[in-house]
Amino acid sequence: MRALITGGKGFVGQWLAAHLKDRGDEVAVIDIETDVADGGAVARVMADIVPEAVYHLAAMTHVGESWEHPGQVLRVNVLGTAEILAAARSIEGSPRVLVVSSAEVYGVVTPAQLPLDEDTPTQPASPYAASKLAAEAVAFQAWRGFGQSVIVVRPFNHIGPGQSPNFFVPALAKRIVDARRSGARSLPVGTLTTRRDFTDVRDVVAAYRLLVERGVPGEVYNVCSGRDVAMSEVAAQLLELAGADLTLETDPALVRPVDVPVLRGSAERLRAATGWEPHIPLATTLADVLSSWETD
């Protein structure tokens, strides 16, 4: 299968490219050198590659930073999705497009709503989440209005080696390694009471390819482990793995204006469609993340 990955040089994109190549696919990637919101540029790339599958990962993904640049987030995440879909429709064969959304679209939920499935009402609480829900609307309109083969995926938190320290787990792992090297006794952290559903990025990209193969166009699928873990527990595991005795101190600069208290999803629809199961335990992922900073 000939595949195009937008955002292909990013954290998830690199793992996805490696996975697709391992499965025998021919892979082309674009990243920041191509503005996905520039219709002409995207159309030229699509015409050159003529992919059979498009994995649309390109996006502004940092929830915290979206509060500072909401307009740019909307431009890249919503208009970029529209242009990718339009370009895909313009080439022969109209490739299947996997549009990567986010579990952040569910917003602030109550314990009674857990686990979250794809029919849970969406109520985005951040500019990032709002942009992802708008991108979903663009994708579903392409399915309904043009009959385009589009699938939307809502990954919950995914982590692994190579992730930017703009995100909680790699940031904390890096600060632990730095603190141990410098002899510091304390560590700045954000909110530790929130709970998240973590999946290893290597399991996530396997789900993406399975959905391109077996998913139903016009559907949305969660990708998640089905288990929520407190950030405090993640921090404790990283400290134990690193053998570090550090005091955690809340830094107001690391606390978001609005933070979803808990996210836990159901991947039953994904499982039924593809047979996917996550295989890499959280402890293994955390050890790999920590090791990647120790050898950096």
Which residue out of VAL36, VAL29, VAL50 is open to solvent by 40 Å² or more (accessible area, probe 1.4 Å) and in contact with a Gly (Cβ under 7 Å, 6 or more places away or on another chain)? VAL29
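Conditions tested, residue by residue: (1) buried (at least 16 other Cβ atoms within 10 Å of the Cβ); (2) of a type in the set (S, T, N, Q).
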{"position": "VAL153", "(1), (2)": "yes, no"}
{"position": "SER164", "(1), (2)": "no, yes"}
{"position": "ALA184", "(1), (2)": "no, no"}
{"position": "GLY190", "(1), (2)": "yes, no"}
{"position": "THR194", "(1), (2)": "yes, yes"}
{"position": "VAL201", "(1), (2)": "yes, no"}
{"position": "ARG209", "(1), (2)": "yes, no"}
{"position": "GLU249", "(1), (2)": "no, no"}
Flagged in region 2-58 as in contact (Cβ under 8 Å) with a residue 40 or more places away in the chain and either on the phi > 0 side of the Ramachandran plot or among the hydroxyl-bearing types (Ser, Thr, Tyr) (or both), in numbering order, are THR6, GLY7, VAL50, TYR55
Under the condition of being acidic (Asp, Glu) and more than 15 Å from VAL138 (Cα to Cα), which residue from region 67-102 is most open to solvent (accessible area, probe 1.4 Å)? GLU92
Run down MET60, MET1 and say which single residue is closer than 24 Å to ARG202 by Cα, of a type in the set (A, V, I, L, M) and in contact with an Asp or Glu (Cβ under 8 Å, 6 or more places away or on another chain). MET1
Filtering region 211-228 down to residues that are open to solvent by less than 10 Å² (accessible area, probe 1.4 Å) and within 26 Å of SER291 (Cα to Cα) yields VAL223, CYS224
Qualifying residues in region 229-247 (those that are open to solvent by 60 Å² or more (accessible area, probe 1.4 Å) and not polar (S, T, N, Q)) - the one nearest to the chain's Cα centre (by Cα): GLU233
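Search region 281-296 for residues being in a loop (DSSP other than H, G, I, E, B) and either closer than 17 Å to SER232 by Cα or at pLDDT below 95 (or both), and hand back the single one that is least open to solvent (accessible area, probe 1.4 Å).
THR295
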Looking only at region 103-121, filter to residues that are open to solvent by less than 30 Å² (accessible area, probe 1.4 Å), touching a strand residue (DSSP E or B) at 6+ places or on another chain (Cβ under 6 Å) and not hydrophobic (A, V, I, L, M, F, W, C); which one of those is modelled with the lowest pLDDT? TYR106
Would you confirm whether or not region 269-280 contains a residue that is within 28 Å of THR110 (Cβ to Cβ), at pLDDT below 90 and open to solvent by less than 70 Å² (accessible area, probe 1.4 Å)? no
Evaluation of LEU74 against (1) under 16 Å from the mean Cα position of the chain (by Cα); (2) under 28 Å from PHE146 (Cβ atoms) (one fails), failing number: (1)
Take the residues in region 122-151 that are over 25 Å from MET231 (Cα atoms) and charged (D, E, K, R); name whichever of them is most open to solvent (accessible area, probe 1.4 Å). ARG144
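The values are calculated or read from the model by the stated rules, or taken from the named source; none is laboratory data. Worth saying up front: this structure is predicted, and the values here are computed from it rather than measured. Because the Cβ atoms are built from the backbone with ideal geometry, glycine has one as well, and the counts that use them run over all protein chains shown. SASA here: full protein model, heavy atoms, side chains in, ligands and nucleic acids out. Shrake-Rupley method; radii C 1.70, N 1.55, O 1.52, S 1.80 Å.
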